[in-house]
Amino acid sequence: MKIKNYINGEFINPISGEYIDNYNPSNGAIYSQIPNSSNEDVALAYQAAKKAFPNWSKTSLDKRSKILSKIATLIEEKLDFLATAESKDNGKPLSLAKAIDIPRASANFQFFANAITQFSSEAHESTGFNAVNITLREPIGVVGCISPWNLPLYLFTWKIAPAIAAGNCVVAKPSEVTPMTAYLLGEICSEAGLPKGVLNIVHGLGITTGQAIVSHPDIKAISFTGGTKTGAHIASIAAPMFKKLSLELGGKNPNIIFDDCNYEDMLETTVKSSFANQGQICLCGSRILVEETIYERFKADFIKKVSELKVGNPFETDTNIGALVSKQHLEKVKSYIDIAEQEGGKTLFGGNEVAVKNSEKGYYLQPTIIEVSDNNCRLNQEEIFGPVVTIMSFKTEKEALELANDTQYGLSATLWTNNLNRTMTITKQLKTGIVWVNTWLLRDLRTPFGGTKASGVGREGGFEALRFFTEAKNICIKYE
Ligand code: NAD
């Protein structure tokens, strides 16, 4: 099957006619091809977006909101179809795609369909000056959205929905590793009546297609989610061109566990926060820090629970852990297990590839727990982005906080305690954009989402996203 670019409401071949192979991670087979788009394809997408902008930006909020709602409904109606496509493309368990990825993609459109009707320009009467100040929030024009492979449709739509809700037209690129549901979204948008050119989806490699979007002189804002190195590279191109930039990057998130927590809840959630989506979520708690008093108990219970997880074909209903997204990524994750051994880390569970019956060429790895004693080891400092977590103990609150903050990243942290004073002391001092207390990945789409330090710049979600996708203009009117 050949995936095509979606430009000006039409599915078209890349101008060069070149395609790249796309793999099914559950069995290692090539199952589709995607356009290897170039600067010319991006230029075409830009022209379509530019042409659509004057009308779309003036379309009433009510109409925009209705179209976004319709897209949300269509995604919901195609849940099984889209979840199957996502699972095949990414390797994630079908059950996860059905429960999380696709419902969230629909929710992204529904949320911004509602949010845009509540997002307003502001006016301030400047008392004493006979003046009124108006702050208009105007759409930017043509914006670029670039997303990664771990939560393909979920993250792709998390950018596109607020961008178009705010009246912009979009040139978007999904990851070349997981292009399928983005391709299917094009059809859904046409069916929902989204005018031609409002959303244009261009497929291809990061270094060519992605870079063509970032360096296009008239694409005025870039919303990017992906790796920290890529984010730095994108910033080096976009910043001198004075583009608006939102960068959601990598993480090395601490999961801090105190002995006064609700132990059973913590244990169950920690299994999820470690290994959900094969550990390929930027928010996974990959550094587990446990208070010394419960360290041995936790270690034994955690190993037991993790050993019960089934690694298997994503389409089997009892599979907990599916395939990693690609052969290349599997090799990267495995290399960290080797590094752990060289650094003196102790593998408590896992560490090996799994041969899944009838899918022997798939990219399966056991969930892996490694005990470390030094937070400066590479395993605790570098993002692995796979089913590998480290555990280590701490003695005091102060030590826990120091360990948690001792990383270049600052995306999220999880804290398990029932002590209110400790909760406030620690959460206020954690240098991360998000802190979960006694839970993990509980999302309210109104809240700001994003990281500090090497985890990125800017916030997505709620009105933060609508602010990013609009330009604020102040008009000051003096009257007699
Ligand atoms: P990646 O940086 O390799 O690629 C992300 C996207 O950027 C892809 O579409 C890719 O084609 C494109 N790209 C690559 N090079 C580019 C360039 N030079 N110019 C423009 N675009 C380019 O990341 P990945 O491997 O797809 O995803 C994994 C990473 O994403 C992890 O580091 C993970 O933590 C991060 N992530 C962050 C968040 C968050 O919200 N902070 C969410 C999910 C994933």
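Structure values in brief
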| quantity | calculated |
| --- | --- |
| Residue that is nearest to G251 (Cα to Cα) [pool: residues in the range 420-439 that are among the β-branched types (V, I, T) and in a strand (DSSP E or B)] | I434 |
| Hits in the range 42-67 - residues which are touching a strand residue (DSSP E or B) at 6+ places or on another chain (Cβ under 7 Å) and among the hydrophobic types (A, V, I, L, M, F, W, C) | V42, L44, A45, A48, A49, A52, F53, W56 |
| Residue in the range 47-63 that is small (G, A, S), surrounded by 19 or more Cβ atoms within 10 Å (Cβ to Cβ) and either closer than 30 Å to H329 by Cα or under 23 Å from the mean Cα position of the chain (by Cα) (or both) present | no |
| The listed residue being within 16 Å of the ligand (Cβ to nearest atom), of a type in the set (G, A, S) and on the phi > 0 side of the Ramachandran plot, out of G91, G128 | G91 |
| Single residue of the range 447-458 satisfying the filter (in contact (Cβ under 8 Å) with a residue 40 or more places away in the chain and assigned to a loop (DSSP other than H, G, I, E, B)) that is nearest to I219 (Cα to Cα) | G458 |
| Criterion (farther than 16 Å from A97 by Cβ and within 14 Å of the ligand (Cβ to nearest atom)) met by exactly one of C145, C189 | C145 |
| Residue in the range 171-180 that is more than 20 Å from K51 (Cα to Cα) and outside any loop (DSSP other than H, G, I, E, B) present | yes |
| In the range 251-280, the residues that are in a loop (DSSP other than H, G, I, E, B) and surrounded by fewer than 23 Cβ atoms within 10 Å (Cβ to Cβ) | F258, D259, D260, C261, N262 |
| Qualifying residue in the range 157-166 (condition: crowded, with 23+ Cβ neighbours inside 10 Å and on the phi > 0 side of the Ramachandran plot) | no |
| Subset of the range 1-42 (residues that are surrounded by fewer than 15 Cβ atoms within 10 Å (Cβ to Cβ) and either polar (S, T, N, Q) or part of a helix (DSSP H, G or I) (or both)) | N13, S16, E40 |
| Residues of the range 282-301 classified as surrounded by fewer than 24 Cβ atoms within 10 Å (Cβ to Cβ) and either out of contact with any strand residue (DSSP E or B) (no Cβ under 6 Å at 6 or more places or on another chain) or part of a helix (DSSP H, G or I) (or both), total | 11 |
| Selected residue (only one of L267, L245, L249 is near the ligand (Cβ under 8 Å from one of its atoms) and in contact (Cβ under 8 Å) with a residue 12 or more places away in the chain) | L249 |
| Of the criteria (1) buried (at least 19 other Cβ atoms within 10 Å of the Cβ); (2) at pLDDT below 95, which one N375 fails | (2) |
| Filter pass, E187 being surrounded by 24 or more Cβ atoms within 10 Å (Cβ to Cβ) and either at pLDDT below 95 or out of contact with any strand residue (DSSP E or B) (no Cβ under 6 Å at 6 or more places or on another chain) (or both) | no |
| A221 being within 12 Å of the ligand (Cβ to nearest atom) and at pLDDT 95 or above | no |
| The lone exception for G433 - which of (1) in contact (Cβ under 8 Å) with a residue 40 or more places away in the chain; (2) within 16 Å of the ligand (Cβ to nearest atom) it fails | (1) |
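Quick grid of which residues meet (1) touching a helix residue (DSSP H, G or I) at 6+ places or on another chain (Cβ under 8 Å); (2) among the polar types (S, T, N, Q); (3) at pLDDT below 95:
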site: A238; (1), (2), (3): yes, no, no
site: L245; (1), (2), (3): yes, no, no
site: L249; (1), (2), (3): yes, no, no
site: I281; (1), (2), (3): no, no, no
site: T317; (1), (2), (3): yes, yes, no
site: H329; (1), (2), (3): no, no, no
site: S335; (1), (2), (3): no, yes, no
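The values are calculated or read from the model by the stated rules, or taken from the named source; none is laboratory data. Predicted model only: the values in this text are computed from it and were never measured. Reconstructed Cβ throughout: ideal geometry from the backbone, glycine too, with neighbour counts over all protein chains shown.
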